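Where a number appears in this text, it was derived from the coordinates with a stated rule and is not lab data. Here the structure is a predicted model, which means the values were calculated and not measured. Here Cβ is always computed from backbone atoms with ideal geometry, including for glycine, and neighbour counts include all displayed protein chains.
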Amino acid sequence: MTSYTSDGVDDYVDLRLGEFLELTAAEAPAPGAGSAAALAIALAAALVAKVARCSRDSWSDGAGVAAQALELQSRCPTLAREDTDAWREALATLGGSNGTRGRDAALAAALARAADLPLAIAETGADVSGLALLAAERGDSSLRGEAATAAVLAHAGVRAAAHLIVLNLATQAGDERSERAERAERVAASAAAGALTVEL
């Protein structure tokens, strides 16, 4: 398999899946959890699009839902790459040799950007989870497994991203980003539970 470095890739959408997995498994700190969460959400959106496209004859809104799912999917590779870039920037700032006051201000700015990206990933995933529930409820019954899997994958991505905001990015209790991520996680959890229990 060809070796890649993150600095040599314009966008993760340019990578084959195996190449992305190779980068993720490497000893470098990124791509890491945020990028993996974005990839899970992208896969979920693709499954929603599949269900919606295959259900167009019986689901009048199927084409529109497929288009929404593909638009959400298209955001994920860029979010994954930007998350990697933000995390690298934060690590570089943390290891920098600037004066303490200057470094603290730069690190705070870098961590703020790094926190914004998992939030964007989480909120994108919550949107995908809602579409996945619709697909489970209204799509072709033969594809309920795909729709339920999409909802579960989206929830996993949202849950991971929300956890990163609190655990890895040192936001404080009551931080707006944490609260928004918690709301996204609740939406995704409810959608996943609903999709898994849709009657056959």
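Backbone phi angles across segment 143-148, fed through the Karplus curve with coefficients 6.51, -1.76 and 1.60 (θ = phi - 60°), yield HN-Hα couplings of 10, 4, x, 5, 5, 5 Hz in residue order; Gly and Pro are listed as x. Using only side-chain charges placed at the Cβ, +1 for Lys and Arg and -1 for Asp and Glu, the dipole size of the chain relative to its Cα centre rounds to 220 debye. If you take every residue apart from Leu70 with its C-beta less than 12 Å away from the C-beta of Leu70, what net charge results, scoring Lys and Arg +1 and Asp and Glu -1? For residues surrounding Leu70, the net value is +2. The Cβ shell under 12 Å around Arg138 holds other residues with a net charge of -1, Lys and Arg each +1, Asp and Glu each -1.
Summing Lys, Arg as +1 and Asp, Glu as -1, what charge do residues with Cβ under 13 Å from the Cβ of Gly194 carry, Gly194 excluded? Residues near Gly194 contribute +1 overall. The phi torsions of segment 117-134, fed into the Karplus equation with coefficients 6.51, -1.76 and 1.60 and a -60° offset, translate into couplings of 6, x, 5, 4, 5, 4, 6, 5, x, 5, 4, 5, 4, x, 5, 5, 5, 4 Hz, rounded to whole numbers, with Gly and Pro shown as x. Label-to-label distance, Ala109 versus Glu27, with points set 7 angstrom from Cα along the beta-carbon direction: 3.3 nm. Residue-wise HN-Hα couplings along segment 25-42, as the Karplus relation 6.51 cos²θ - 1.76 cosθ + 1.60 with θ = phi - 60° gives them from phi, are 7, 5, 6, 4, x, 9, x, x, 5, x, 5, 5, 4, 5, 5, 4, 5, 4 Hz; Gly and Pro carry x.
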